Amino acid sequence: MRAFSLTAVPSVEDAVQRSRPGSAYLAGATTLVDLMKLEVLHPNDVVDINALPLRGITVSADGVRIGALERMSDVAAHPHIAAQYPVIAQALLRSASQQIRTMASIGGNLLQRTRCGYYRDVTTPCNKREPGSGCPALAGGNRMHAVLGTSKSCVATHASDLAVALIALDVSLRLYSDAGTRTVRLADFYLLPGETPDLEHDLRPGELITEVLVPPLDWASRSVYLKIRDRESYEFALCSAAVALDVRDGVIADARIALGGVGTVPWRMRAVEAALRGARAGEAAFVAAAEQAADGMKLLSDNGFKATLATRTIVRALLSLEV
Ligand code: SF4
């Protein structure tokens, strides 16, 4: 591990002023310190933002505002979120260990880096870590890798469970920089790898996530997060589904479906949603709609199973909702 300076700042203005090339913000430290120990990241200046006033969960007619420094465990335990947005609470509870959930911030969770083993191993090439060096996952071990949104430069999956639930709910982020504040839809925030997999999101130099804005959606109380993985705890998704259904008199009025573990970014399944709308809720409609999920998938040597797994994950998640 290399030498670095560590400075705690009291305000968002101070944090932004301290930001410069080679610096990094530190919140829960559950990603940054790991990657510093592995020599994947080596900031010169670490800016501790834990004292910033970015806590609190506010419920209003406009939805829910979650401070970016709220801890994962606190958000999952919030009574309104647990009751009205169970898909958020469940995504958080199925992420990482209790110890990590207690430390990790919501903003940091959304910015966590991929779990691709090549990215975390500095003895191997990796276009995301070292642009232009190559992508050994294309012809190497790629069982965990993506089948949607991939490019010839990178096939890494996005690691956040929370982001999958938030994409399904059409959440936005509030961002702050010395140029002012702006609001960005989370779906527009994440970038496909293309030829520049090192650029993962639309966060400008020095910019901070200050709030997560969850819009009102009364039928999100009928939602679920199903995560399929190799073991039942402390493991990343082979495939996950964030699902919400609006059912009236047995007919599906609206649906939200997003998948994790299959895309280079959290993947909204709009074709599946469209196929569900207007159908009578039940297994036959769920199976028929879920078939759309495999469209456009580019399977690699070791992860062809994800096409079938994705459709089955969606069906199982839908069946678990009481309709
Ligand atoms: Fe690096 Fe992406 Fe290839 Fe993994 S999949 S080795 S993160 S370029």
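Where a number appears in this text, it was derived from the coordinates with a stated rule and is not lab data. Computed from a predicted model, the values in this text were never measured in an experiment. Using ideal geometry, Cβ is built from the backbone for each residue, glycine included, and neighbour counts are taken over all protein chains shown.
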Out of (1) within 13 Å of the ligand (Cβ to nearest atom); (2) under 22 Å from residue 26 (Cα atoms), the odd one out for residue 124 is which?
(2)
Name the helices (runs of 4 or more DSSP H) wholly inside the range 12-98 in which the number of residues that are touching a Leu at 6+ places or on another chain (Cβ under 6 Å) and more than 18 Å from residue 209 (Cα to Cα) is 1 or more.
32-37, 72-77, 86-93
Residue in the range 127-150 that is surrounded by the fewest Cβ atoms within 10 Å (Cβ to Cβ), counting only those that are closer than 24 Å to residue 296 by Cα and more than 9 Å from the ligand (Cβ to nearest atom):
139
Flagged pairs (Cβ under 9 angstrom, 6 or more apart or on separate chains; first in the range 117-138, under 20 Å from residue 43 (Cβ atoms); second more than 8 Å from the ligand (Cβ to nearest atom) and basic (Lys, Arg)) are 119/113; 120/113; 126/120; 128/113; 129/120
Residues located in the range 85-140, provided they are over 18 Å from the mean Cα position of the chain (by Cα) and of a type in the set (Ser, Thr, Tyr)
118, 123, 124, 133
Determine whether the range 225-237 contains at least one residue that is among the hydrophobic types (A, V, I, L, M, F, W, C), surrounded by 14 or more Cβ atoms within 10 Å (Cβ to Cβ), in contact (Cβ under 8 Å) with a residue 24 or more places away in the chain and touching a helix residue (DSSP H, G or I) at 6+ places or on another chain (Cβ under 6 Å).
yes
